[in-house]
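Visitor: Take a look at the following structure, please.
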Amino acid sequence: MYKMRKLCLSVVVLFAIILPLLNACEQQPQLVEKVATKPVPTHLVMVFPSSAVPKDLLLVEDEINKYLIKKMNATLEIRPTHLGVWWDKVDLMFASNEPFDLLFTAGWLELGQEVAKEQVIPLDDLLEKYGQDITKVLDPAIVQGGKLNGKIYGVVTNKEFAATKGLVMRKDLVDKYGLDLNEIHELKDFEPFFQTLKQKESDIVPLQTRSDRTPLTLMMQYGKYDMLGDGPGVLDRNSSELKVINMYETPQYKEYAELMYKWNQAGYINTDASTTNDNEVYAIKAGKAFAYAESLKPGIEVQVSRDTGMPMVAKELTKPFTTTADTTSAMFSIPSTSKSPQEAMKFLDLLYTDPYLLNLLDWGIEGKHYIKKSDHIIEYPPGVDASNVGYNLNTPWVFGNQFQSYIWSNEDPEIWEKFKRFNEEADKSLALGFVFYTEKVKNEIAACLEVDKEFGPALNTGSLDPAMVLPKYLAKLKEAGIDKVIQEKQRQLDEWAKKHRVG
């Protein structure tokens, strides 16, 4: 009986609690509906290369997320990753099946390998349904640049679509020792000035390089040839033939390798060149280097001055050139591990037409990281400069529609118009639009890559005598199957030319 009374009492108490809540729900049904139907924000993770992880990254993330929750009920986690460890980090993320949603990619970042491994998904349907602003902004031919095996795997950033190569240098030392850049026509013309620097500025390295990025790699791989996608086999930009050749057998490659060796022996190149992957900017910032090789474009001097924190000048050593790789030098893909591919595409779409969101990502928070001089011109706030600003990705070329990015007050206000002319006036590769499919020779490409890892750094940086190393390099490339890769590239290029080449 006691247990029965206790149960009855419990029921009465429970109803006393529930009835007022039910009455409240009847009086405010819209409140119940709002609580019941409000979805949890989608969390997106974006991974891209950067030389720095800004100290105010989380502050900027918070501002982006306040906006994104209102705009598309999503939040964004930004993961800038040092390029020196990029491949290892991304490979680990895929190996561990880690979910993330937006992955920076490019022709030079092995998009073909990611597609072959099914690490990224086709984007055609997503672009059609959720990327309509992207396809309105980009030229249709540029949209197709992210296509492999007949499907689009990368959304192309709207930026410059040509490249030219040269050196960027500290202006103070150019002025101090009277270097006349008009007298510089080839890379080797810098030699007397490097000798002067070595004698008079013994603490400063004339030419900062790293194992995978030197004047040799930039001038050869991009300035002289169209690399024709992944794997060995290139097209001479000065040839009228669509003939795939072995770049490492050319007189030009040998000439540059010998120059790098000569300069390394003379002490003009940093001693850790063959082993370091550190961004050259760090050495300039620290006052330890004079120059480094760089891809040039309109406004590059201001960009690298902002990167290094000191005035820089540039000397162009090639002519602007457009290849398929240049049109796909900055893209975003959606990984196969993404749990929210639709929302990922919706976010990408915003970056092409929403200047507020784009510039938050590019430059940070207005009033804290920059102030506006006009609608599109910005500068640092009082007391803030390139050396102490809290948000300094400085990579507007990575994201969305760069032509909507704010322009710094020390930049040319006509910079975006000059970008467009730069694109229009550049020489075009005979193979522009050609994409190499690697599946049939993926094993040979992987084997050649291993050979390159063994010999490339020493040749790129002049650490070893090419007279000794180059013959061994060529022999091992032959053993790895370089001729088979070149033959397959030639076959595909010939087939492509039948359908696409005019004349």
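The values are calculated or read from the model by the stated rules, or taken from the named source; none is laboratory data. Computed from a predicted structure; not experimentally measured. When we count neighbours, we look across all protein chains shown, and the Cβ atoms used for this are built from the backbone with ideal geometry, even at glycine. These area figures cover heavy atoms from the full protein model, side chains too; ligands, DNA and RNA do not enter into them. Shrake-Rupley method; radii C 1.70, N 1.55, O 1.52, S 1.80 Å.
Visitor: Filter segment 358-379 down to residues that are surrounded by fewer than 17 Cβ atoms within 10 Å (Cβ to Cβ) and under 18 Å from D412 (Cβ atoms) and give me whichever is modelled with the lowest pLDDT.
Guide: Result: D375.
Visitor: Going by the conditions given, is L103 under 14 Å from the mean Cα position of the chain (by Cα), surrounded by 18 or more Cβ atoms within 10 Å (Cβ to Cβ) and part of a strand (DSSP E or B)?
Guide: Yes, satisfied.
Visitor: Exactly one of these conditions fails for Q404: (1) farther than 28 Å from A141 by Cβ; (2) open to solvent by 30 Å² or more (accessible area, probe 1.4 Å). Give me its number.
Guide: Looking at each condition in turn, Q404 falls short on (1).
Visitor: Touching a Phe, Trp or Tyr at 6+ places or on another chain (Cβ under 9 Å), within 18 Å of S333 (Cβ to Cβ) and crowded, with 22+ Cβ neighbours inside 10 Å - does that describe any residue in segment 140-147?
Guide: Checked against the condition, which is being touching a Phe, Trp or Tyr at 6+ places or on another chain (Cβ under 9 Å), within 18 Å of S333 (Cβ to Cβ) and crowded, with 22+ Cβ neighbours inside 10 Å, segment 140-147 yields at least one hit.
Visitor: Name the residues in segment 415-462 that are touching a residue at least 60 places away in the same chain (Cβ under 8 Å) and polar (S, T, N, Q), would you?
Guide: Those that are touching a residue at least 60 places away in the same chain (Cβ under 8 Å) and polar (S, T, N, Q): N423, S429, T438, N460, T461.
Visitor: Can you list residue pairs whose Cβ atoms sit under 9 Å apart, with the first residue in segment 181-200 being within 12 Å of A266 (Cα to Cα) and the second being assigned to a helix (DSSP H, G or I)? Count only pairs 6 or more apart in sequence or on different chains.
Guide: Matching pairs, first to second residue: E191/L259; E191/K262; E191/W263; F194/W263; L197/L173.
Visitor: Residue check: is L181 under 21 Å from M310 (Cα atoms) and surrounded by fewer than 19 Cβ atoms within 10 Å (Cβ to Cβ)?
Guide: So L181 passes the test.
Visitor: Search segment 249-267 for residues being assigned to a loop (DSSP other than H, G, I, E, B) and at negative phi, and hand back the single one that is most open to solvent (accessible area, probe 1.4 Å).
Guide: Of everything passing the filter in segment 249-267, A266 is most open to solvent (accessible area, probe 1.4 Å).
Visitor: With respect to the numbered conditions (1) surrounded by fewer than 22 Cβ atoms within 10 Å (Cβ to Cβ); (2) of a type in the set (G, A, S); (3) in contact with an Asp or Glu (Cβ under 6 Å, 6 or more places away or on another chain), which one is the sole condition not fulfilled by S387?
Guide: Exception for S387: condition (3).
Visitor: Which residues, counting only those in segment 336-352, are touching an Asp or Glu at 6+ places or on another chain (Cβ under 7 Å) and either modelled with pLDDT under 95 or not hydroxyl-bearing (S, T, Y) (or both)?
Guide: Scanning segment 336-352 gives A344, D349.
Visitor: So for segment 384-403 (the condition being within 21 Å of the chain's Cα centre (by Cα) and under 17 Å from L126 (Cα atoms)), does at least one residue qualify?
Guide: yes
Visitor: Moving on. Among residues belonging to segment 319-335 that are part of a loop (DSSP other than H, G, I, E, B), touching a Phe, Trp or Tyr at 6+ places or on another chain (Cβ under 8 Å) and closer than 30 Å to M72 by Cβ, point out the one that is least open to solvent (accessible area, probe 1.4 Å).
Guide: My answer is A330.
Visitor: Out of N246, N270, N279, I need the residue that is open to solvent by less than 60 Å² (accessible area, probe 1.4 Å) and over 28 Å from A467 (Cβ atoms). Which one?
Guide: N279
Visitor: Looking only at segment 390-421, how many residues end up being modelled with pLDDT of 90 or more and in contact with an Asp or Glu (Cβ under 6 Å, 6 or more places away or on another chain)?
Guide: Qualifying residue count for the region: 5.
Visitor: Can you report the number of residues in segment 464-503 which are under 16 Å from L242 (Cβ atoms), open to solvent by 80 Å² or more (accessible area, probe 1.4 Å) and modelled with pLDDT of 95 or more?
Guide: 2
Visitor: When you go through (1) within 19 Å of M169 (Cα to Cα); (2) open to solvent by 10 Å² or more (accessible area, probe 1.4 Å); (3) of a type in the set (A, V, I, L, M, F, W, C) one by one for L187, which number turns out not to apply?
Guide: Looking at each condition in turn, L187 falls short on (2).
Visitor: Report the residue count in segment 125-157 for those that are in a loop (DSSP other than H, G, I, E, B) and either of a type in the set (D, E) or at pLDDT 90 or above (or both).
Guide: Total meeting the criteria: 5.
Visitor: Among the candidates E114, E98, E118, E160, single out the residue that is among the acidic types (D, E), surrounded by 18 or more Cβ atoms within 10 Å (Cβ to Cβ) and in a loop (DSSP other than H, G, I, E, B).
Guide: The unique qualifying residue is E160.
Visitor: Okay, moving on. Can you find even one residue in segment 311-318 that is open to solvent by less than 30 Å² (accessible area, probe 1.4 Å), at pLDDT below 90 and among the polar types (S, T, N, Q)?
Guide: no
Visitor: Can you tell me which residue within segment 163-178, out of those that are surrounded by fewer than 20 Cβ atoms within 10 Å (Cβ to Cβ) and among the basic types (K, R), is farthest from the chain's Cα centre (by Cα)?
Guide: It comes out as K176.
Visitor: Quick one: how many residues across segment 429-448 are open to solvent by 40 Å² or more (accessible area, probe 1.4 Å), among the hydroxyl-bearing types (S, T, Y) and out of contact with any strand residue (DSSP E or B) (no Cβ under 8 Å at 6 or more places or on another chain)?
Guide: Count: 0.
Visitor: In addition: For residues in segment 76-93 being surrounded by 17 or more Cβ atoms within 10 Å (Cβ to Cβ) and of a type in the set (V, I, T), which is nearest to the chain's Cα centre (by Cα)?
Guide: Going through the qualifying residues, I end up with T81.
Visitor: If you don't mind, another one. Pick from L148, L123, L111: which is out of contact with any strand residue (DSSP E or B) (no Cβ under 6 Å at 6 or more places or on another chain), of a type in the set (A, V, I, L, M, F, W, C) and over 30 Å from G287 (Cα atoms)?
Guide: None of the other options fit; the residue is L148.
Visitor: Any idea which of I64, I69 is modelled with pLDDT of 95 or more, open to solvent by 50 Å² or more (accessible area, probe 1.4 Å) and touching a strand residue (DSSP E or B) at 6+ places or on another chain (Cβ under 7 Å)?
Guide: I69
Visitor: Go through (1) closer than 27 Å to I407 by Cα; (2) in a strand (DSSP E or B) for L235 and report which single condition fails.
Guide: Here L235 clears every test but (1).
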